[in-house]
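Participant: Sharing a structure below in structure tokens format, with a few things to ask.
The values are calculated or read from the model by the stated rules, or taken from the named source; none is laboratory data. Bear in mind that the values here come from a model prediction, so they are computed numbers and not experimental data. Neighbour counts are summed over all protein chains in view; Cβ atoms, including those assigned to glycine, are modelled from backbone coordinates with ideal geometry.
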Amino acid sequence: YKPLAELDPDVQNIIDKETWRQWSGLELIASENLTSRATMEANGSILTNKYSEGLPSARYYGGNEWIDELEELCRKRALEAFHLDPTKWGVNVQPYSGSTAKYVMFHIGLQRILRAHLTASLSDSFAALTALIQPQDRLMGLGLPDGGHLTHGYYTAKKKITASSIYFQSFPYGLDPASHLIDYTKLAEQARLFKPRLIICGASAYPRDWDYASLRATANEHGAFLMADIAHTSGLVAAQVLADPFEHCDVVTTTTHKTLRGPRAGLIFFRKDLKNAEDLEKRVNESVFPACQGGPHNNTIAGIATALKQACSPTWQAYAKQVISNAQTLATELVNYGHKIQTNGTDNHLVLWDLRPSGVTGSKVEKICDLVGITINKSAQAPGGIRLGTSALTSRNMTEEDHKTVAGLLHRTVQLSLKLQKEAGSKLLKDFVRVAEKSVEVHALRVEV
Ligand code: PLP
């Protein structure tokens, strides 16, 4: 019963340092947020002690009376937060993360497609059945360099990188090179050649909204399954300030810790009114446990439930609108300073900043930002750029005016990076860092931040 600081001062000390880092700096990583104190309390609670494999009222362990109540509450709030009719949609709240939620769905996706095929062809041949459920079925997702996520089928010329390309044939769709918007016409043409069984929409770095109706039409042409991964934007979708993927998709997955402001985990929403999918609910649930996971993390489910209560509250939409307005202000200000912003703005919480015209790389700017207390990340998608997000600063009640200041600070970090690059006399990151760490200007900017 000793408190952490007494029992394990080493860990307490690390937590204290990280707390200071999070609160004394400016958090601009688009995939992060600052959860509420209440969510953290639920997440750090005694519920971590309990095993509860299975689902409410159907557990493999005793003593789950209150855990059942918790999971039911979380499911109810998840449907409410996304304005879903419980007769048409169901949800599984147990996935440990966004990636797990997605892989569970790949597993399910193929099984449902198998059922659709069986109904269509009435083939009862075991060979046909095995062929259909063989890994290597085809999926299309937004390519990683264009803003997609690793789990959307990413592979390189040399290597298949994630389970989504190792076990499936994947083909990336992409952006129009001039507008940097999803090229839906080309996507439809590519789908006619590739004939996907599954189309995934959603992204890690795409600043514009999605045309779900167009994707649905393409999926329908091929009898494909349409899945939206709204990991980044789910808080904004719940606030109804972005297009609604639930109108058109069969399944929607999300993380809970980005714009939704919850603890680190995932959710899977599935349609209950699909033709040939009368048992989709059973298949989703069985794919989470026992196919892909063990016992649910009940403390996390409690944290999700608390975060969803916040997302159901009347003030949530104001938060989401502020997130977007802050991102738009940040983009506009950076453009005013002469910087290049992909698509010239944003519809959501993130801003993609193309640093190539500035003559300095994303890694160098990221390094200077770390030194001055601004947390950003260089874009895996566009090596010459960085990705910024406004959810965390908005959670600290920052508004447009604050984001003008933030844009000014970011502009100065780029100018400083250019100056230090010259002083280092080398383009190498290690030489640059050596000079930056000793720079008085960097230390002065840190104080200002
Ligand atoms: N899907 C998208 C679009 C993401 O951007 C991410 C993470 O950034 C994930 C899924 C994976 O989430 P997790 O890290 O919880 O597995």
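Participant: How many of the residues making up the stretch 377-399 are of a type in the set (D, E, K, R) and surrounded by fewer than 17 Cβ atoms within 10 Å (Cβ to Cβ)?
Facilitator: 1
Participant: State which residue pairs qualify: first residue in contact (Cβ under 8 Å) with a residue 24 or more places away in the chain and away from the ligand (no atom under 11 Å from the Cβ) and inside the stretch 145-160, second residue assigned to a helix (DSSP H, G or I) and not hydrophobic (A, V, I, L, M, F, W, C) in any location, beta carbons under 7 Å apart, and separation of 6 or more residues or different chains.
Facilitator: Pairs found: G153/S164; G153/S165.
Participant: A further question on this structure: In this structure, is G235 in a helix (DSSP H, G or I), buried (at least 21 other Cβ atoms within 10 Å of the Cβ) and within 16 Å of the ligand (Cβ to nearest atom)?
Facilitator: Yes.
Participant: Give the residues of the stretch 11-38 that are under 30 Å from W353 (Cβ atoms), part of a helix (DSSP H, G or I) and not hydrophobic (A, V, I, L, M, F, W, C), sorted by residue number.
Facilitator: Correct list: K17, E18, T19, R21, Q22, S24.
Participant: Determine whether the stretch 234-244 contains at least one residue that is under 27 Å from Y96 (Cα atoms) and of a type in the set (S, T, Y).
Facilitator: Yes, that holds for at least one residue.
Participant: Now a separate question. In the stretch 45-87, how many residues are on the phi > 0 side of the Ramachandran plot and surrounded by fewer than 17 Cβ atoms within 10 Å (Cβ to Cβ)?
Facilitator: Residues flagged as on the phi > 0 side of the Ramachandran plot and surrounded by fewer than 17 Cβ atoms within 10 Å (Cβ to Cβ) within the stretch 45-87 amount to 3.
Participant: Same structure, new question: Filter the stretch 333-363 down to the residues that are over 14 Å from G389 (Cα atoms), polar (S, T, N, Q) and in contact with a Lys or Arg (Cβ under 9 Å, 6 or more places away or on another chain) and list them by number.
Facilitator: The answer is T343, S358, T361, S363.
Participant: Another question, then. If you scan the stretch 163-198, which residues turn out to be surrounded by fewer than 20 Cβ atoms within 10 Å (Cβ to Cβ), of a type outside the set (A, V, I, L, M, F, W, C) and modelled with pLDDT under 90?
Facilitator: Answer for the stretch 163-198, where residues must be surrounded by fewer than 20 Cβ atoms within 10 Å (Cβ to Cβ), of a type outside the set (A, V, I, L, M, F, W, C) and modelled with pLDDT under 90: Y167, Q169.
Participant: Same structure again: Would you point out the residue of the stretch 199-232, among those that are away from the ligand (no atom under 15 Å from the Cβ) and of a type in the set (S, T, N, Q), that is surrounded by the fewest Cβ atoms within 10 Å (Cβ to Cβ)?
Facilitator: Of everything passing the filter in the stretch 199-232, N220 is surrounded by the fewest Cβ atoms within 10 Å (Cβ to Cβ).
Participant: Taking N397 as meeting all but one of (1) over 29 Å from L144 (Cβ atoms); (2) part of a helix (DSSP H, G or I), write down the number of the exception.
Facilitator: That leaves (2) as the condition not met.
Participant: Return the pairs, sorted by first residue and then second, in which the second residue is among the β-branched types (V, I, T), the first residue lies in the stretch 13-36 and is surrounded by fewer than 14 Cβ atoms within 10 Å (Cβ to Cβ), the beta carbons are less than 7 Å apart, and the residues are 6+ apart or on different chains.
Facilitator: Matching pairs, first to second residue: none at all.
Participant: Being modelled with pLDDT of 80 or more and on the phi > 0 side of the Ramachandran plot narrows it down to one residue among G143, G98, G147; which is it?
Facilitator: Just a single option satisfies the conditions, and that option is G147.
Participant: I'm trying to understand the selection: among the residues of the stretch 244-291, which are of a type outside the set (D, E, K, R), within 16 Å of the ligand (Cβ to nearest atom) and in a loop (DSSP other than H, G, I, E, B)?
Facilitator: Those that are of a type outside the set (D, E, K, R), within 16 Å of the ligand (Cβ to nearest atom) and in a loop (DSSP other than H, G, I, E, B): C249, T256, H257, T259, L260, G262, P263, A265.
Participant: How many of the residues in the stretch 427-449 are closer than 14 Å to V360 by Cβ and outside any loop (DSSP other than H, G, I, E, B)?
Facilitator: 6
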